[in-house]
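The block underneath contains the structure these notes are about, expressed in structure tokens.
The values are calculated or read from the model by the stated rules, or taken from the named source; none is laboratory data. If you're wondering where the values come from, they're calculated on a predicted model, not measured in any experiment. As a convention, Cβ positions derive from the backbone with ideal geometry for all residues, glycine included, and neighbour counts pool all protein chains shown.
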Amino acid sequence: MKKLILSLLFIFPSFASPFDFVILKYRSGDWYNAVDGVKNFLRELAGRTTVDTLTEPVELGLADERIFEHSFLFLNGHVPVVLDEKEKANLRKFVLNGGFVFANDDYGLDESFRKLIADVFPEYKFEKVSYNHPVYHCFYEFKDGLPKIHEHNGNPPEGWGLFVGGRLAVFYAYESDIADGWDYPEVHNNPAEKREAAFRMGINIVIYSLTY
């Protein structure tokens, strides 16, 4: 599968444009705590794949119309996500027009995020992502689904998704904390194998967003 993806990245010229990773800013939360980790991740993405990658993330709020110039949004934090009506409308427009959102529960985000998804996409089901879904196999293999990266309360990790026309449009990492694994080792004291799993899962998420 990895060779197939690498071939696709060479075959299709549209994939040659630089991949830009947008960190969503929101007033209610600490979205900024993952910036260093995202920079580390983007260096890994650039070094391990043929994806032409901008190694500095873009930081935008959902009220900013420039989000529609991008295709990948990252939402992260410890505290409830609160959006106003314009931000909700732009989130809906972004997703329904082909955009991809990766949300990372940094422990404390869950209740507000699920409510947000229900409010913004009432006609779509938010459900667990099957272990055989391509997001777990498109570059690296995760036969047991989402890896557990940072321990908060002992609960198992779960990957949740919002599917639009069969496309996984929103991927939510619950009780895993992928972004903690991207940070510098001394920040969270995650062992090397956990950090490796976090980088690998992040690469899968990006590759899926670009190819499916």
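What the table shows:
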quantity	calculated
Residue within the range 125-138 that is in a loop (DSSP other than H, G, I, E, B), farther than 25 Å from G181 by Cα and of a type outside the set (G, A, S) present	yes
Qualifying residue in the range 36-44 (condition: acidic (D, E), more than 15 Å from the chain's Cα centre (by Cα), farther than 26 Å from Y184 by Cβ and outside any loop (DSSP other than H, G, I, E, B))	no
Residues within the range 66-93 that are over 19 Å from P18 (Cα atoms), touching a residue at least 24 places away in the same chain (Cβ under 8 Å), not charged (D, E, K, R) and not in a loop (DSSP other than H, G, I, E, B), tallied	5
Any hit, the range 48-65, residues being under 13 Å from the mean Cα position of the chain (by Cα) and touching a residue at least 40 places away in the same chain (Cβ under 8 Å)	no
Test: residue in the range 84-102 that is in contact with a helix residue (DSSP H, G or I) (Cβ under 7 Å, 6 or more places away or on another chain), of a type in the set (A, V, I, L, M) and surrounded by fewer than 19 Cβ atoms within 10 Å (Cβ to Cβ)	no
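Yes or no, residue by residue, for (1) surrounded by 15 or more Cβ atoms within 10 Å (Cβ to Cβ); (2) at pLDDT 95 or above; (3) closer than 22 Å to F113 by Cβ:
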site: A16; (1), (2), (3): no, no, no
site: V22; (1), (2), (3): yes, yes, yes
site: S28; (1), (2), (3): no, no, yes
site: E44; (1), (2), (3): yes, yes, no
site: G47; (1), (2), (3): no, yes, no
site: S71; (1), (2), (3): yes, yes, yes
site: N76; (1), (2), (3): yes, no, yes
